[in-house]
Amino acid sequence: MSVNTSEIENTLLQKAFKTIKVGKVFSSPQLVILMDLPGSGKTYVADYLNKKYGFTILSGENISHLLFENSQADFSLSYKILRQLAFRLLNDSYSVVIDGTNLKLSYRKQIYEEVCRNIKPILIYLLVDDQTARRRINSRGVDNHDKQDIKSECSEETFAKFKEQTEEPAEGEFCYRIISDENLLKKIDSVII
């Protein structure tokens, strides 16, 4: 007896749902996509959007960690599950924020094609200098017990690899480039409102 892909994906969807910080229902749901390197403030902004506005948080890192624990994550499968969750949540009128470390253009295109049928996404590219990002990473610690708030370390080598692989927003891809500094949340408010 073989198990088909949809059965496996449904099991993974149910498991991944445990990573979600569910927000509230909106009359006009929004999709915000946060991207850049570790330490740029993506999770900080996602938590803020959840607390202040009621956005539901989908974290690529949390989903990958829950599905694959400490093994080598299958990011294409993790982001497929993330897209399916985002689609379902938006259809149920939840506003969604995607916290995507170094979110590649190919994954963003899939989100645009599969999730954003009737919703214009708000892409936010958070900009931070390397020193600030490394300081933030080193100050957050490691905690894998809370499946909705994974905290992981990032060695200098891993950070360098992330930086090397970073894909900035493509030409023609509308995004807000926001410097991640002490005025970050005010800038976020001006984009969301």
Highest mean first, how do 52-61, 160-169 rank when packing is the count of other Cβ atoms within 10 Å averaged over residues? 52-61, 160-169
Inter-probe distance in nm under a simple model that places probes 7 Å from Cα toward Cβ, at residue 171 and residue 74: 3.6
With the chain reduced to its Cα atoms and the Debye formula applied, log10 I(q)/I(0) at q = 0.09, 0.10, 0.17 1/Å amounts to -0.31, -0.38, -1.18
Suppose a student asked you for the relative contact order of the chain, using Cα pairs under 8 Å spaced at least 6 residues apart; what percent would you report? 29
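Only the coordinates and a few stated rules stand behind these numbers; no lab work does. The model shown is predicted, which means the values in this text are computed figures rather than measured ones. Glycine also receives a Cβ, built like all others from the backbone with ideal geometry; neighbour counts cover every protein chain displayed.
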